[in-house]
Every structure is written in C-alpha cells, then in structure tokens.
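A.B. asks: Before we start, here is the structure in question, set down as structure tokens.
The numbers here are math on the coordinates, done by the rules we state, and not lab data. Everything numeric in this text was worked out from a predicted model, so none of it was measured. Methodologically, a virtual Cβ is constructed for each residue, glycine included, from the backbone with ideal geometry; neighbour enumeration extends over all protein chains shown.
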Amino acid sequence: MFINPKHLVQFVEVVECGSLTEAATKLGLTQPALSRNMKELEAQMGIPLLLRGKTGVTLTELGMRAFPYAQSIHTTLGRLSSEAETWDKGQVGKLRIGAGPFPASILPKILSDFLEHRPGVFASLEVGGVLALSKKLQNGELDLVVGPTGLESSATGITARKLFSGRLALFAAPTHAIARKKKITAEDLSSSRWLGTPPDSVMRRQVRANHIALGMPRVNFNIEISSIESAVDVLQVGDHLAIMPEPPMRRAVAEGKVMELPVKLPIAQWPIVISHPELSILPPQVMDFIDALEAAFRDEKTADPSQARD
C-alpha cells in the first residue's frame, strides 16, 4: 500500500485548521484540489479519515488513530526540509582547511569570524608544508589549501583563486651587525648565518633562487623552522638573517623585534592562492568560506597595500 507523504502533510493541516478552505489557503492550493487529495489519501489507506460538514471537518474514529502518525511524518518532513535548507545555505557541515605557515598566521581570525554565525559548521585547520597539503587536497582529505602559487597546475581537477601577491623581504634583529652597515654586500650576506624553512618547502625554493640571483650559491642554513612566530623569536635573539613574507612580519617590525634590511630581492613577489576542487562539487560552506577569504584578503590591513588590488 502506497501512501503519499505529501497528502499526509496536507491531512495534518486540514485537521489543525478544521476547514478544507482555510487549509487550502494556507497550503497554496484550491479547495477542490485539496478535497481531491484527501479523498485519494482515504482511498490509499482504505479507511475514512474525515467527516465533512457545513461547519468544517472533524476526524473519524479511525482518523483519530491515524492522526498522530501523520503528525509525526509532518514534523519529520519539516525538520528534513529545514536541515536541507540550512545545508544549502552553508550553515552546517565540515570545513577542512590546509594552510602554509604564512596564511596560517592570519587565518584564525578570519575563520573565527566566519564560524560565529555558523554553529553547525565544524572546521579543522591543518598547518604544514604546502606540497604535503596539496597531496591531501588531491586525495580528498582537505577541502581547500591556502598557500603559494604554482602547485595547482599539476593537479588534475584542482583549480586556484588568487588571494593577493605578497612581497618577500630580508629581515634581521636590529642588533645584528649587518643592520649597522650603510651598504650590505653579497659577501656580508653569504658570510652570515641564515634561518630557513624546510628544504622541500616552496618558500625554501624561492629563497634559494634569491640567494643565487644575489651571487650567493652557498648559504649556511643552520636553523630550519616552519612557523612565522618561531622565525621572529629566533631572529630577535640570534644573529641570523631570513627571507620571509613581509605582511606577517609587520607587527614584529613595528614592535622593534626585527627590522627589514635595505636589500632589494631579485625575486620578491609571493603570490598566495586558494587551491580547491572545481566549484561545482564543493559543499556550500566551503564556497562561502572561499568568498570570506577573498573578502578578508582584499582588506589592505591584511594584504600588501601595494598589491591588494591586483
């Protein structure tokens, strides 16, 4: 026996309204159409459900027994519809983010603001090397990765959106001997100790390219880190140099912990992108977060002012 659930929902409305005419108006139906649906429901169930009179409708004895079940279905379908609408608006679901060290220093505030009005969204933020994170993205273990450009082109089904073009710069402690020099030579740089990111990182590749372009084929990296905060701490107390993205170092510079050295890097651009699968297969909450990221990085307080509107 097939019972049309839509007719059960309408049956509940008829009983609660006590009138076919009133229920039809509430449901957006004509009275004859609703009356026909009720007769079909009674035929499907094989029992009379409603007593029709001049003053409205009432339940038969069998209708009284069937009504609680219809109410339960009505409530369940209403909740399902609400959940579906909530999901479609990106209010529930998982958000799995991967980020390189530089974006990871900015993402927590953006993510917190995004989740404030989405209590049904569970987010995770994995910080690491962008090469490893990119593999997880391709394997479906992450929804998006925020990091330097150049990785997305080799991945099938992965696309990218540019957030902004940052700038790389050379940093040291204000007390570093090289900071007191009026002119900094390649020999000064090559004889210094350097702080670097892991050898397999995208940042290390670009730093290496700058060293070669500056005439320093061999550089002494004796500390490796993958955190912006740790880099600041090491630079502040040690005698190291480091090429780092400029935007996340601004606060440390303003606080006098480190300083930017007057050395023009040959390869200074540092494009940051969001890598993700094709938009057509992304859940709504992921697409909404991508939009939120783009809006946040358009803010000149976050991005490099000289590149914010690229």
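A.B. asks: Cut-off 10 angstrom, C-alpha nodes, Gaussian network model of the chain. Which of Met45, Met259, Met287 fluctuates the most?
C.D. replies: So, out of Met45, Met259, Met287, the one fluctuating most is Met45.
A.B. asks: For Lys182, which lysines qualify as cross-link partners when the Cα separation must be under 18 Å and same-chain residues fewer than eight apart are set aside?
C.D. replies: Lys264
A.B. asks: Can you sort His117, His240, His74 by how many other beta carbons sit within 10 Å, fewest first? Numbers along the way, then the final one.
C.D. replies: Numbers: His117 8, His240 22, His74 19.
Ranking His117, His240, His74 by Cβ neighbours within 10 Å, fewest first, gives His117, His74, His240.
A.B. asks: Restricting to DSSP H runs of at least four residues, report the calculated mean residue ellipticity at 222 nm for the chain, -39500 (n - 2.57) per run over all residues, nearest 500 deg cm²/dmol.
C.D. replies: Values: 12 runs with 132 residues, N = 310.
The per-residue figure over the chain is -13000 deg cm²/dmol.
A.B. asks: Taking only Cα atoms of the range 5-88, what ratio of Rg to Rh do you get with Rh as the Kirkwood inverse-distance radius? Before the final figure, lay out each step's value.
C.D. replies: Values: Rg = 13.1 Å, Rh = 13.2 Å.
Radius of gyration over Kirkwood radius for the range 5-88 works out to 1.00.
A.B. asks: If you wrap a convex hull around the alpha carbons of the chain, what volume per residue comes out, as a whole number of Å³?
C.D. replies: Values: hull volume 55.2 nm³, N = 310.
Roughly 178 Å³ of hull volume per residue.
A.B. asks: So which residue, out of Pro266, Pro199, Pro68, gets the largest mean-square fluctuation from a GNM of the chain using Cα contacts under 10 Å as springs?
C.D. replies: Residue with maximal mean-square fluctuation among Pro266, Pro199, Pro68: Pro68.
A.B. asks: Using θ = phi - 60° and the Karplus curve 6.51 cos²θ - 1.76 cosθ + 1.60, what whole-Hz ³J(HN,Hα) does each residue of the range 244-251 get, with Gly and Pro shown as x?
C.D. replies: 9, x, 6, x, x, 8, 4, 4
A.B. asks: While we're here: Looking only at the chain, where both bridge partners belong to it, what percent of the DSSP beta bridges are antiparallel (to the nearest 5)? If you can, show how the numbers build up before the last one.
C.D. replies: Values: 23 of 40 bridges.
Antiparallel bridges: around 60 percent, rounded to the nearest 5.
A.B. asks: To continue, here is another question. Provide the convex hull volume over Cα atoms per residue for the range 224-290, in Å³.
C.D. replies: Numbers: hull volume 9.6 nm³, N = 67.
Convex hull volume per residue, Cα atoms: 144 Å³.
A.B. asks: What do you get for the angle between helix 61-88 and the principal long axis of the chain? Use alpha-carbon atoms, 0 to 90 degrees, nearest ten.
C.D. replies: Helix 61-88 sits at roughly 20 degrees to that axis.
A.B. asks: Test of understanding: ordering Ile178, Ile3 by Cβ neighbours within 10 Å, fewest first, what list do you get?
C.D. replies: Details: Ile178 18, Ile3 15.
Fewest to most other Cβ atoms nearby, the residues stand as Ile3, Ile178.
A.B. asks: Taking the inverse of the average 1/r across all pairs of different Cα atoms in the range 167-269, what Kirkwood radius in Å do you get?
C.D. replies: Values: mean 1/r = 0.0743 Å⁻¹.
It is 13.5 Å.
A.B. asks: Reachable lysines from Lys26, Cα under 24 Å, same-chain residues fewer than 8 places away excluded?
C.D. replies: Partners found: Lys6, Lys39, Lys54.
A.B. asks: Placing +1 at every Lys and Arg Cβ and -1 at every Asp and Glu Cβ, with all other atoms neutral, what dipole size does the chain have around its Cα centre, in debye to the nearest 20?
C.D. replies: On the way: 34 positive and 33 negative charges, 120 e Å.
For this selection, approximately 580 debye.
A.B. asks: Follow-up question, since we're still on this one. Please report Arg193, Arg96 as a ranked list, fewest other C-beta atoms within 10 angstrom at the top and most at the bottom.
C.D. replies: Working: Arg193 13, Arg96 18.
Exposure proxy ranking, most exposed first: Arg193, Arg96.
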